[in-house]
Amino acid sequence: MKIEDYNDVYSLWLSCPGIGLNDVDDSQEGIKRFLVRNPDTCFVAIENNEIVGVIMSGNDGRRGFIYHTAVAPDYRHRGFATQLVNAAMSALKRIGITKVALVVFERNTNRNLFWETQGFTVRNDIIYRNKAIVKMERYDT
């Protein structure tokens with residue numbers, strides 16, 4: 001994924017119910033910062049010169065994290081999501097990352113089922129906490 005893909009990727013995210021976006025992290029500038037820090041671990045799937053899927057993954061030097069994985073509704077169940085996950089996992093492994101985490105809204109049943117098929121398990125022994133440093137507008141698709 002390159003920053004030049006931003007408009008198409010953002011439109012794709014908006015077409016996929018269940019993705020939580022905000023006006024800071026998911027702005028073009030926010031995504032650019034992420035891509036600068038993680039230039040080799042974010043991918044798009046392309047068919048007929050159109051972006052039909054995306055995965056953003058990065059790391060903190062210890063653990064990998066996956067964000068905003070999406071496949072356009074008309075292209076689902078064709079293996080794009082699995083290919084994107086495999087690409088991200090391979091890229092993270094190449095740079096020495098040995099464990100990957102992600103967050104999915106509990107209400108997003110279909111996506112939770114997908115992640116289970118990919119081998120991701122639910123952790124019931126932790127509480128995820130979050131605190132915004134700056135005010136953000138959330139957009140749940």
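A few remarks follow.
- Full extension of the segment from Asn7 to Thr109, taken as 0.36 nm per residue of separation minus the current Cα-Cα distance, would add 34.0 nm.
- Percent carbon-and-sulfur accessible area, segment 66-137, ignoring ligands, DNA and RNA, probe 1.4 Å: 52 percent
- Mean-position separation - Cα centroids, segment 32-63 and segment 104-141, in angstrom: 18 Å
- Accessible surface calculations at 1.4 Å, restricted to protein heavy atoms, place the chain at 67 Å² per residue.
- Note on Arg78 and Val36: their simple-model spin labels are 3.5 nm apart, each label 7 Å out from Cα toward Cβ.
- Relative contact order of the chain, defined on C-alpha pairs under 8 angstrom at six or more residues apart (%): 30 percent
- For P(r) over Cα pairs in 5 Å bins from 0, in percent, the candidate list reads [x] 2, 7, 8, 10, 13, 14, 13, 12, 9, 6, 3, 1, 1, 0, 0, 0; [y] 2, 8, 11, 11, 10, 10, 8, 7, 6, 6, 5, 4, 4, 3, 2, 1, 1, 0, 0, 0, 0; [z] 2, 9, 19, 24, 23, 17, 6, 1, 0; the entry that matches the value derived from this model is [z].
The values are calculated or read from the model by the stated rules, or taken from the named source; none is laboratory data. Not measured: the values here are computed from a predicted model. Methodologically, a virtual Cβ is constructed for each residue, glycine included, from the backbone with ideal geometry; neighbour enumeration extends over all protein chains shown. Heavy atoms of the whole protein, side chains included, go into the accessibility calculation; ligands, DNA and RNA do not. Shrake-Rupley method; radii C 1.70, N 1.55, O 1.52, S 1.80 Å.
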